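**Student:** Take a look at the following structure, please.
Since every read-out is calculated from the coordinates, none of them should be taken as a lab result. These figures come from a predicted structure and were not determined experimentally. Here Cβ is always computed from backbone atoms with ideal geometry, including for glycine, and neighbour counts include all displayed protein chains.
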Amino acid sequence: SGGSGTNLPSVTGITPNSGVNTSSTEVTITGTNLGGATSVHIGNVEMPIISISPNTIIAVVPSGLTPGSYHITVTTPNGTSAQTSNDVFVVLAPNGGLVSDTTPPVISDVRFDGKLVLEKDFVSRTPVITALLTDDVAIDPSSIRVQIVDVYTTSTIPTVVFDPTSGKMTLTITSPLPFGEKLFSISVKDTSGNEAEFSIIIKIGNGEDGPIFNYPNPFDPNDETTKIAFNMRDNATVTIYIFDTTGKILAKRVVNATVGFNEIEWNGVDDYGTKVGNGVYIARLVADGRYIGKTKIWVIKR
């Protein structure tokens with residue numbers, strides 16, 4: 001994370017490089033630019049520091065860690081050392097063996113351009129894709145794979161940025177994706193080799209807008225609102241007209257909708273400030289002049 005390039009700390013060795021988790025282990029960390037270290041971490045756990053010099057830090061691996069392989073990183077005012085195979089410390093179970101870490105990582109909070117993505121949602125052609133990758137021991141950043149079937153795989157275009165501190169993965173797609181439905185997937189392993197995968201069908205670009213629905217339906221404007229929900233194939237200014245059965249426009253809302261799932265709340269009050277009566281109302285949606293669709297809203301006051 002960040003830093004001034006050449007002055008970044010670097011870890012070249014850990015001695016000893018394993019220890020049991022029933023007691024703490026004093027380790028010697030060797031490397032460059034270690035002077036002025038502000039913290040040392042094993043995985044996400046801070047290690048007590050005993051001494052610091054430009055090429056050596058003596059610190060303590062605390063007891064009680066889950067058995068497995070961990071990266072030891074050093075943070076100075078210039079930044080944090082990159083994770084490499086030279087900074088790995090193996091936490092062993094008391095019997096000297098490794099109690100196997102069989103828990104796979106968790107992939108969550110998958111978003112396109114900041115919006116949670118649902119099955120068959122529309123996404124933009126050049127999305128910024130983010131996700132949280134977490135594990136009870138440690139994620140192996142080199143194992144992260146993002147794939148959009150027939151279009152994109154990170155094994156050929158390695159542009160995934162992973163922040164091991166927060167667990168956030170970011171991928172910025174710069175070449176516009178082709179239109180159509182595609183299978184999108186993320187896979188990742190932890191340092192013990194357990195794998196997790198997330199996959200979903202996404203829709204790219206100039207397909208259809210819609211469907212439109214509202215919930216709750218019916219609704220009672222005395223004590224609730226209804227949400228009008230719809231899918232968009234691209235970003236657009238959407239106007240929602242609410243009509244009564246005679247065709248009179250009672251309410252009009254203009255919103256900046258984004259590609260994918262959107263929802264707009266209506267409280268059952270018309271543009272004259274009057275709460276509408278029992279009956280059926282029509283919500284009609286238009287985006288930048290193109291008709292998207294309509295839905296029936298039932299108002300029933302209890």
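**Student:** Could you tell me which of Gly79, Gly36, Thr22 has its Cα farthest along the dipole of the chain towards the positive end, charges placed at Cβ (Lys, Arg +1; Asp, Glu -1), taken about the Cα centre?
**Tutor:** Gly79
**Student:** Hey, got the dipole for the chain? About the Cα centre, +1 on K and R Cβ, -1 on D and E Cβ, debye to the nearest 20?
**Tutor:** 1080
**Student:** Would you please put 250-259, 265-274, 224-233 in order of how densely packed they are, using the mean number of other Cβ atoms within 10 angstrom per residue and starting with the highest?
**Tutor:** 224-233, 250-259, 265-274
**Student:** Further, regarding this structure: Express in nm, to one decimal, how much length is gained between Ser63 and Ser142 on full extension, taking 0.36 nm for each residue of separation and deducting their alpha carbon distance.
**Tutor:** 25.7 nm
**Student:** Under 22 Å from the Cα of Lys120, which lysines turn up, not counting those fewer than eight places away in the same chain?
**Tutor:** Partners found: Lys182, Lys203, Lys227, Lys294.
**Student:** If you don't mind, another one. Given a Förster distance of 51 Å, report the FRET efficiency between Asn55 and Asn235 from their Cβ-Cβ distance, rounded to the nearest 0.05.
**Tutor:** 0.45
**Student:** Could you tell me which residue out of Ile282, Ala236, Phe213 lies farthest along the dipole of segment 195-302 toward its positive end? Charges go on the beta carbon: Lys and Arg +1, Asp and Glu -1, centred on the Cα centre.
**Tutor:** Farthest towards the positive end: Ile282.
**Student:** For Lys301, give me every one of the aspartates and glutamates with a C-alpha distance below 13 angstrom, ignoring sequence neighbours fewer than eight places off in its own chain.
**Tutor:** Reachable aspartates and glutamates: Asp220, Asp223, Glu224.
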